[in-house]
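Trainee: What follows is a structure written as structure tokens; I'll ask about it next.
The values are calculated or read from the model by the stated rules, or taken from the named source; none is laboratory data. Here the structure is a predicted model, which means the values were calculated and not measured. Counting neighbours? That spans all protein chains shown, and the Cβs are built from the backbone with ideal geometry, glycine included. SASA here: full protein model, heavy atoms, side chains in, ligands and nucleic acids out. Shrake-Rupley method; radii C 1.70, N 1.55, O 1.52, S 1.80 Å.
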Amino acid sequence: GFPIAIERLKIDNANAEFADLSLTPQFGTRMHSLSGVITGLSTDPATTAQVELDGSVDDYGSARVRGAIQTFRATDFTDLKLSFRNLEMNNLTPYSGKFAGRRIDSGKLSVDLEYKIKDRQLAGDNKFIVDKLRLGERVDSPDAMNLPLDLAIALLEDSNGVIDLDLPVSGSLDDPQFSYGKIVWKAIVNVLTKLVTAPFRALGKLLGVSSEKLEAVDFDPGSSTLLPPEQEKLKTIADALAKRPALTLTVEPGYDPDADRRALQERAMRGEAVAVAGIRLASGEAPGPVDVNHYKIQTWLEDRYAEVAGKEAYKALRERYRDKDAGAAARIMDNPLIERLGRQFRTRDTGPASAFHAELLERLTQQTKIEDGTLVELAQARGRAVREALSQLGLDPSRLGVAAPTQQAVKDKLVASKMSLGAAAAPEPAPEPAPAAEPAAPSP
């Protein structure tokens, strides 16, 4: 080991090239006009050199290097910060093609890298600022991850088309498979995978709110009215989508065949009951529970059940509720004709709820016919309610779609209409203006 010590090394207008020959096509970039100073170059392992370099990358990019390094033992100790500004992203297509399966059509990249190497262990922090990234055609690559990259980009891009991404990486230089580009892209793919598998979590993180249950809007069975908590949920989503203009939202209105049918059956019976009782409801007023002690409703239930199930079935059911120990006077009053005559002089029974008439109501409710098409219409009404609410919150209707209704099992006594996020199609580039026509030659 011949000892070397150089106190100060000035670099003026130099060139530096970086190439990754592991890629097909191979990646390379060139720094030029590189100038600066390195101090403390030495073969002494206890000495570190200080580095300050500035240069240009390709046509309009810039590079800056600051930090410390053991020049002749860089894998033992390195602590460098590198800043790149205004890099053309289409030059990175070899990386994006290999690891992401897509070309990069356009975009600008600025990067702050901080790399520390100690005893051949790499720990790096990468901060990427990407401006107006546009992906191009697909590239066949066995190493590419099958991810919806357009959705990931739409989640990351703010309203100005800027992506701000922090990306830590680490690795061992002794790993025979070590590749700087590979570990960076692996870290990027991990981030994108988390985004596209839990997109609403990313939206919640954007606004600093819990993303719990943002994936669906819940409705009461039989209803398409938005509940207050769901209205707040839609406002949260609308606010997030306003910050991510490339995102689209699709609502998949749901219905539960059992819970919704039962709720619609009860609503139908309640509507008939208040009409029978002569009660007038205001517009939009709910009928409320059926008063099984109201005499008009009792007569209506008895007649309806005898008509639907048959007189013998009605008599058998009534007999089940007859008090066998009642006295003679009570049995006379229990006669249907006497009972109905007595109802002419009063409105309702003030005693406990009539178990017999509650049973009639339940049986008639179960037999109320609700067609499957009515359930589908209910789900469609839920989809319209979500769409109208989001439109009123300022979401462009072109960014909101409503899918076909699907069956959803009731959960926590509510029926969900699921939502999914997508990415809007990138606008077509404006056509190049036609070249101006050559002026005609003057006539002789």
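Trainee: Among 10-19, 30-39, how do they line up from the highest to the lowest mean number of other beta-carbon atoms within 10 Å? If you can, show how the numbers build up before the last one.
Mentor: On the way: 10-19: 11.2, 30-39: 15.8.
Going by the mean number of other Cβ atoms within 10 Å, highest first, we get 30-39, 10-19.
Trainee: How large is log10 of I(q)/I(0) for the chain at q = 0.07, 0.08, 0.11, 0.13 Å⁻¹ when the intensity is taken from the Debye formula with one equal scatterer per alpha-carbon?
Mentor: So the normalised log intensities are -0.61, -0.70, -0.98, -1.17.
Trainee: Among the aspartates and glutamates, which have Cα under 15 Å from the Cα of residue 194 when same-chain residues fewer than 8 positions away are ignored?
Mentor: Cα-Cα hits under 15 Å: 150, 166.
Trainee: Continuing with the same structure: To the nearest 10 degrees, how steep is helix 311-320 against the longest Cα principal axis of the chain, on a 0 to 90 scale?
Mentor: Compared with the principal axis, the helix lies near 90 degrees.
Trainee: Give me the aspartates and glutamates in straight-line cross-link reach of residue 98: C-alpha distance below 16 Å, same-chain residues under 8 apart excluded.
Mentor: Hits, sequence-local ones excluded: 20, 137, 140, 143.
Trainee: Same structure again: Once you have the Kirkwood Rh of the stretch 159-268 from its Cα pairs, apply Stokes-Einstein at 4 °C and 1.567 mPa s and quote D in µm²/s.
Mentor: On the way: Rh = 17.6 Å.
Value of D from the Cα-based Kirkwood radius: 73 µm²/s.
Trainee: When only alpha-carbon atoms count, how far does the stretch 1-132 stretch along each of its three principal axes, as whole angstroms with the largest first?
Mentor: 49, 31, 24
Trainee: Let me ask something additional. Might you tell me the accessible area per residue for the chain, computed with a 1.4 Å probe and given in Å²?
Mentor: That works out to 59 Å² for each residue.
Trainee: Calculate the spin-label point distance for residue 258 paired with residue 313, positioning each point 7 Å from the Cα along the beta-carbon direction, and give it in nanometres.
Mentor: Label-label distance for residue 313 and residue 258, simple model: 2.3 nm.
Trainee: Related question: How long are the three semi-axes of the equivalent ellipsoid of the stretch 104-205, in whole Å, if each is the root of 5 times an eigenvalue of the C-alpha gyration tensor, listed from largest down? Intermediate values should be presented prior to the final figure.
Mentor: Working: eigenvalues 126, 55, 40 Å².
Square roots of five times the eigenvalues give 25, 17, 14 Å.
Trainee: When the accessible area of the chain is split by element with a 1.4 Å probe, what percent falls to carbon and sulfur?
Mentor: Numbers: 13960 of 26210 Å².
Heavy-atom surface of the chain belonging to carbon and sulfur, 1.4 Å probe: 53 percent.
Trainee: Pairs 311/369; 213/369; 296/413; 116/205; 235/411: which exceed 26 Å Cα-Cα? The partial results should precede the final answer.
Mentor: On the way: 311/369 21 Å; 213/369 33 Å; 296/413 32 Å; 116/205 29 Å; 235/411 23 Å.
The answer is 213/369; 296/413; 116/205.
Trainee: Taking 7 Å along the Cα-to-C-beta vector as the label spot, tell me the residue 174-residue 158 distance in nanometres, rounded to one decimal.
Mentor: About 4.3 nm, to one decimal.
Trainee: So what is the orientation-averaged projected area of the stretch 187-250, using the convex hull of its C-alpha atoms, in nm²? All intermediate terms of the calculation are to be shown ahead of the outcome.
Mentor: Values: hull surface 20.6 nm².
So the mean shadow area of the Cα hull is 5.1 nm².
Trainee: First select every other residue whose beta carbon is under 10 angstrom from the beta carbon of residue 96; then total the charges, Lys and Arg +1, Asp and Glu -1.
Mentor: Details: positive: 98, 102, 103; negative: none.
Result for the neighbourhood of residue 96: +3.
Trainee: Roughly how many Å is it from the Cα centre of the stretch 58-114 to that of the stretch 258-300, as a whole number?
Mentor: 71 Å
Trainee: Ok, one more. For the stretch 222-328, build the convex hull from the C-alpha positions and give me its volume per residue in Å³.
Mentor: On the way: hull volume 18.2 nm³, N = 107.
Residue-normalised Cα hull volume stands at 170 Å³.
Trainee: Continuing with this model, one more query. Between Rg and the Kirkwood Rh of the stretch 43-103, both from Cα atoms, what is the Rg to Rh ratio? Provide the component values of the computation, followed by the final result.
Mentor: On the way: Rg = 15.9 Å, Rh = 13.8 Å.
Here Rg/Rh amounts to 1.15.
Trainee: For the peptides 40-48, 266-274, what is the packing order when you average, over each peptide's residues, the other Cβ atoms within 10 Å and list the highest mean first? Let's see the in-between values first.
Mentor: On the way: 40-48: 15.0, 266-274: 17.9.
Descending packing order for the listed peptides: 266-274, 40-48.
Trainee: Sticking with the crude label model, points 7 Å out along Cα→Cβ, report the distance from residue 74 to residue 140 in nm, one decimal please.
Mentor: Computed distance between label sites residue 74 and residue 140 equals 3.7 nm.
Trainee: May I ask for the distance between the Cα centers of the stretch 398-420 and the stretch 303-317, given as a whole number of Å?
Mentor: 40 Å
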